[in-house]
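This report refers to the structure that appears directly beneath it.
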Amino acid sequence: EKKKILILAYDFPPWLSVGAQRPYSWCKYLPLLGYEVTCITRFWEPKFTNARDYVRPSKERVPVQTNEEGYTIIRVPYTPNIRDKILLRFGENKFTVIRKLITFVFSFTDFLWFAFDAKSAIYYEAEKLLATKKFDVILTTGEPFILFRYAYLLSKKHNTPWIADYRDGWTTNQGDRK
């Protein structure tokens, strides 16, 4: 029987970032090694024209599950928090101090109350999935670090070990050293 891996990832293609390539690589190559992989990530729109597209709400309002080449991906809708709504409504150059203050406060409070975290849909979808399906391990990859807390809480509740996959750019970019 194949080992089942649940991946929690925020960035994922079509969002093009280094952080998106890590979970995509896990999804692409782990099935080749005999693992059954399910990834829960944010629903990213395929078109990005400016910084506001990063915080724009998803057009889809319910989770969308698809089967890709050897893995399953569940994309959850994104609903912006108050900071992101201010950015969307007034632009990048207005209320920057207020947005930074909100970011600072949310960075601490989202670990205590999921209501402050715009990424909590990933946790809730994983919770629903783990209630109906058994996984051998939860793999949390990349930023934001709140995903590590989600994996820890899910691990405790469902008695499933978890792995934090993170590479620090300061120590792994050997070519940048002089």
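The values are calculated or read from the model by the stated rules, or taken from the named source; none is laboratory data. For clarity, every value in this text was computed on a predicted model and none was experimentally measured. Cβ sites come from the backbone with ideal geometry, for glycine too, and all protein chains shown count toward neighbours. Side chains are part of the model used for accessible areas, which takes the heavy atoms of the whole protein and leaves out ligands, DNA and RNA. Shrake-Rupley method; radii C 1.70, N 1.55, O 1.52, S 1.80 Å.
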Next on the checklist: Tell me whether the stretch 5-23 contains one or more residues that are under 23 Å from residue 121 (Cβ atoms), in a helix (DSSP H, G or I) and of a type in the set (S, T, N, Q).
Outcome noted: yes
Checklist entry - Between residues in the stretch 48-62 that are closer than 18 Å to residue 20 by Cα and residues that are open to solvent by less than 80 Å² (accessible area, probe 1.4 Å) and among the β-branched types (Val, Ile, Thr), which pairs lie under 9 Å by C-beta distance while being six or more apart or on different chains? => result 58/76; 58/79
Checklist entry - Does residue 28 qualify as being open to solvent by 50 Å² or more (accessible area, probe 1.4 Å), touching a strand residue (DSSP E or B) at 6+ places or on another chain (Cβ under 8 Å), in contact (Cβ under 8 Å) with a residue 40 or more places away in the chain and more than 23 Å from residue 115 (Cβ to Cβ)? => result yes
Checklist entry - Can you name every residue in the stretch 107-162 that is within 24 Å of residue 1 (Cβ to Cβ), surrounded by 15 or more Cβ atoms within 10 Å (Cβ to Cβ) and aliphatic (A, V, I, L, M)? => result 126, 129, 130, 137, 138, 139, 151, 154
Next on the checklist: Cβ-Cβ distance below 8 Å, separation of 6 or more or different chains: which pairs start in the stretch 85-98 with a residue that is of a type in the set (Lys, Arg) and end on one that is outside any loop (DSSP other than H, G, I, E, B) and open to solvent by less than 100 Å² (accessible area, probe 1.4 Å)?
Outcome noted: 94/86
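So which residues in the stretch 35-62 are hydroxyl-bearing (Ser, Thr, Tyr), open to solvent by less than 20 Å² (accessible area, probe 1.4 Å) and closer than 20 Å to residue 135 by Cβ, if there are any at all?
Answer for the stretch 35-62, where residues must be hydroxyl-bearing (Ser, Thr, Tyr), open to solvent by less than 20 Å² (accessible area, probe 1.4 Å) and closer than 20 Å to residue 135 by Cβ: 38, 41.
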Checklist entry - Pairs under 6 Å by beta carbon, first residue modelled with pLDDT of 80 or more in the stretch 105-122, partner open to solvent by 60 Å² or more (accessible area, probe 1.4 Å), six or more apart or different chains? => result 106/116; 109/116
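For the stretch 83-95, what are the residues that are within 22 Å of residue 115 (Cβ to Cβ) and open to solvent by 90 Å² or more (accessible area, probe 1.4 Å)?
85, 89, 95
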Checklist entry - What is the one condition in (1) open to solvent by less than 80 Å² (accessible area, probe 1.4 Å); (2) touching a strand residue (DSSP E or B) at 6+ places or on another chain (Cβ under 7 Å); (3) under 21 Å from residue 4 (Cα atoms); (4) not hydroxyl-bearing (Ser, Thr, Tyr) that residue 65 does not satisfy? => result (1)
